[in-house]
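Data block below; observations after.
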Amino acid sequence: MSDSKRDTIAVRTGIATDTQHQAVVPPLYLSTNYTFPEFGSVPKYDYARGGNPTRTHLETALAEMEGGAGAVVTSCGMSAINLLVSLLDSDDLIIAPHDCYGGTYRLFDSRAKKGAFSVEFIDQSDADALSTALARKPKLILIETPSNPLLRVVDIADICEKAHKVGAWVAVDNTFLSPVLQQPLALGADFVIHSTTKYINGHSDSVGGAVIARDAELAENLAWWGNCIGATGNAFDSYMTLRGLRTLGARMRQHEQSAAQVLEYLLTESAVRKIFHPSLKEHPGHEIALKQQAGFGGMLSFELDADLEGLKTFLGALKLFSLAESLGGVESLVTHPGSMTHRAMSDEAQAEAGLAPTLLRLSVGLEDPQDLVADLQHAFRTLEEATS
């Protein structure tokens, strides 16, 4: 494992390793197959599903940045989660957060109904609910902190300690903060999951995912299953993602600074009913976030004090926050979770998770923050005029 700092690992992985032409940036290997040196001698790379030099560079960088023993880069974030649950048996139980990403909820709920495993969705910040769930001896605890979209924060180290006592693995979805701002493996987790589509790639032009394992045996098991079920990512997306990864540290710092300015403005708006951001002292997870995070990131959510028609008016007035799913790109986005990222959840499940009908999620990009604030001000004034 490298002794270098994370920014250095992100920038330098694969640099100046080309021995054919001495290229500084490692080349993109698009070949689907590789020659065998001789009969009976299996090379490191034989078929691209099982391994690719370009993908290896990205896997190495992510594993080192997260402090893991190995990583598998996958075709998308959901395939990363699907790969992880390939390690489970039909009699195993998953404990997942009740307010997790809608795609994760859909995957777990659908696979459980087909008998692949059992799943229980709970409020992991509720000590009694967590204790009751752990008493059922689960095989896997999935943590999403900060959660999507309400940015709830749970204590990774505490859950890991309790989970390991009952023989459970712990996987942490680290997509919102990236390895720059949170290190789940150092806090005791067994796996880290990323949708690399988001901050790691950072430019909204490549879809991918990754699972990083703390233990070498688990990493090898993941790699075997990744090849077996065809979950692995392709070379071009790996190349693009590695290029994005090289600027991750700088981008995350700017995302966070800009989000703080947007948050400061939203706190002054009377049409904001409630704001969800762990940097706020009144946030239930504020103290935990201070302990386990190196920053607060570029995501925030808020409830708009309006009806659905007012919500439509507000969204229609925004120019610099594009109405779209996903997050973590250089461009700012606004998402309505109830009808977009979490529409796979029933109305009852959304209500239980705390997703209000007028909840909006912001992914604050790299535009000038004063322009972003002005865009929001215009949308709020438009809403005010439409409802007065």
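Coordinate-derived values only; no laboratory data. Everything numeric here is computed off the predicted structure, so don't read it as measured data. We place every Cβ from the backbone using ideal geometry, glycine too, and count neighbours over all the protein chains shown.
Coupling constants for the range 170-186 follow from the phi torsions by the Karplus curve (6.51 cos²θ - 1.76 cosθ + 1.60, θ = phi - 60°), and in residue order they are 10, 10, 10, 7, 9, 4, 5, 10, 6, x, 5, 10, 7, 10, x, 5, 5 Hz; glycine and proline get x.
Computed over the chain, relative contact order equals 18 percent, with contacts defined as Cα pairs under 8 Å that lie 6+ residues apart. Note on the chain: dipole from Cβ charges, positive end direction compared against ALA271, SER238, THR132; the farthest Cα belongs to SER238. Fully extending the segment from ARG49 to ALA294 would add 84.7 nm, taking 0.36 nm per residue of separation and subtracting the current Cα-Cα distance. In the chain, helices alone account for a calculated mean residue ellipticity at 222 nm of -11500 deg cm²/dmol, with every DSSP H run of four or more residues adding -39,500 (n - 2.57).
Multiplying the residue separation of ARG381 and ASP126 by 0.36 nm and removing their Cα-Cα distance gives an extension gain of 87.9 nm. Considered as an equivalent ellipsoid built on the Cα gyration tensor, the range 248-387 has semi-axes of 22, 19, 15 Å, the largest given first.
Restriction of the trypsin sites (Lys or Arg not before Pro) in the range 71-162 to DSSP coil positions whose beta-carbon has at most 15 other beta-carbons within 10 angstrom yields LYS114, ARG136.
Our Cα-only numbers for the range 6-245 put the radius of gyration and Dmax at 18.2, 61 Å. Applying the criteria of a DSSP loop state and at most 11 other Cβ atoms within 10 Å to the GluC sites (Glu not before Pro) of the range 192-290 yields GLU282.
Contact order, relative form, for the range 249-378: 30 percent (alpha carbon pairs under 8 Å, 6 or more residues apart, mean separation divided by residue count). In units of the rule-of-thumb radius 2.2 N^0.38 Å, the range 125-223 shows an alpha carbon radius of gyration of 1.11.
With viscosity set to 1.306 mPa s at 10 °C, what whole-number translational diffusion coefficient in µm²/s follows for the range 341-388 from Stokes-Einstein and a Kirkwood radius over Cα pairs? Rounded, D is 119 µm²/s. Packing, as the average of other Cβ atoms within 10 Å across residues, places the peptides 92-104, 314-326 in the order 92-104, 314-326, highest first.
Rounded to the nearest 20, the size of the Cβ-charge dipole of the chain about its Cα centre is 720 debye, with Lys and Arg at +1 and Asp and Glu at -1.
Take every DSSP beta bridge whose two residues both sit in the range 6-245; close to 45 percent of them are antiparallel.
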